[in-house]
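This report concerns only the one structure given below.
The values are calculated or read from the model by the stated rules, or taken from the named source; none is laboratory data. These numbers were taken from a predicted model, which means no experiment stands behind them. All Cβ positions, even for glycine, are placed from backbone atoms using ideal geometry, and neighbour counts span all protein chains on display.
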Amino acid sequence: MIEITALASSSKGNCYRVTDGHTPLLLECGINYREIQKGFNFRMSEVAGCLVTHEHGDHSKSIKQVLKAGIDVYTSAGTAEAIRVDHHRIKPVEAGKQFTLGTWAIMPFDVQHDVSEPLGFLLANQTGEKLLFATDTYYIKYRFPGLTHIMVECNYSREILIENIVKGRVPRVMKQRLERSHFSLENVKEFLKANDLTKVQEIWLLHLSDSNSDEELFKREVQEITGKLVYVP
């Protein structure tokens, strides 16, 4: 049974603990390492690996401490180069090439963000559960059959963003950057509609913007179109 714990999910930092009851994983390490340790009850030796989607600090802040703790980090070669950390525990992975971590089979896939070589990850355990993890992307071109858990960025709403620009709360230039780097509520809903959600048990909406989102609105609208349990950490 997949268990998800959000240690942080915002522009300030992103970090998640995921386990299938056998193999605990760290997804992103964008917060202080001490907070990561607390989130794992200081049992870091049990962590099978850390998946990092891209080089931005709110996703990779503690990578040096994670490596120092003896935890292998799985990320793209482009991300590893951008972070500028040379370490034997950095394990470069490629989109479309599956690898195994304990009881997980993990398939990286390419996403769309304004960085070197960003990735999303599809994780499958030995009981047939499938977890999709995708953050910091404005679009996902793939369809994923048989998903049971979805962790997806829902950064902003176009309506809220435009209202903030009109009222002078957000600079106009921000609109173009967001549209080319982050997942909007509108795009998330289209993505969910395009996938078979029959087996989905829960949906996690990640990385909400501090100023261009509305937690209750996002949760309600996604629940309405999917009929699924929705969490907003």
Limited to segment 38-58, what total is found for residues that are within 20 Å of D136 (Cβ to Cβ) and either among the charged types (D, E, K, R) or surrounded by fewer than 17 Cβ atoms within 10 Å (Cβ to Cβ) (or both)?
3
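Of the residues T127, T100, T137, which single one is hydroxyl-bearing (S, T, Y) and within 22 Å of P233 (Cα to Cα)? Step through it out loud before you land on a result.
Details: T127 fails: within 22 Å of P233 (Cα to Cα); T100 fails: within 22 Å of P233 (Cα to Cα).
Answer to the selection: T137.
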Can you run down the residue pairs with Cβ atoms below 8 Å, 6 or more apart or on separate chains, where the first is in segment 122-144 and over 19 Å from L206 (Cα atoms) and free of Cβ contacts under 8 Å to residues at least 24 places away in the same chain and the partner is small (G, A, S) and surrounded by fewer than 19 Cβ atoms within 10 Å (Cβ to Cβ)?
A124/A105; G128/G146
Quick one: what pairs do we get from segment 28-49, first residue without any contact (Cβ under 8 Å) to a residue 24 or more places away in the chain, second assigned to a helix (DSSP H, G or I), C-beta under 7 Å, 6+ apart or different chains?
Q37/M44
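Those residues that are out of contact with any strand residue (DSSP E or B) (no Cβ under 9 Å at 6 or more places or on another chain) and either surrounded by 13 or more Cβ atoms within 10 Å (Cβ to Cβ) or of a type outside the set (D, E, K, R) (or both), I need them from segment 192-218; list them, please.
The first filter runs over segment 192-218 and keeps only residues out of contact with any strand residue (DSSP E or B) (no Cβ under 9 Å at 6 or more places or on another chain), leaving 193-194, 196, 198, 214, 216-217.
Across segment 192-218, the qualifying residues are A194, T198, D214, L217.
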Every residue in segment 87-146 that is surrounded by 15 or more Cβ atoms within 10 Å (Cβ to Cβ), of a type in the set (K, R) and touching a helix residue (DSSP H, G or I) at 6+ places or on another chain (Cβ under 8 Å), please.
R89
Does I36 qualify as being under 19 Å from the mean Cα position of the chain (by Cα), closer than 16 Å to P233 by Cβ, in a loop (DSSP other than H, G, I, E, B) and not small (G, A, S)?
no
Taking segment 116-152 as the region of interest, how many residues are over 20 Å from T79 (Cα atoms) and small (G, A, S)?
3
I162: loosely packed, with under 15 Cβ neighbours inside 10 Å, touching a Leu at 6+ places or on another chain (Cβ under 7 Å) and aliphatic (A, V, I, L, M), yes or no?
no
Out of all the residues in segment 1-25, which are out of contact with any His (no Cβ under 6 Å at 6 or more places or on another chain), part of a loop (DSSP other than H, G, I, E, B) and either modelled with pLDDT of 95 or more or of a type outside the set (S, T, Y) (or both)?
M1, K12, D20, G21, H22, T23, P24
Are any residues in segment 65-95 within 19 Å of the chain's Cα centre (by Cα), in a helix (DSSP H, G or I) and not β-branched (V, I, T), and if so, which ones?
A77, G78, A80, A82
Quick one: would you say G21 is closer than 29 Å to G128 by Cβ, touching a Leu at 6+ places or on another chain (Cβ under 8 Å) and among the small types (G, A, S)?
no
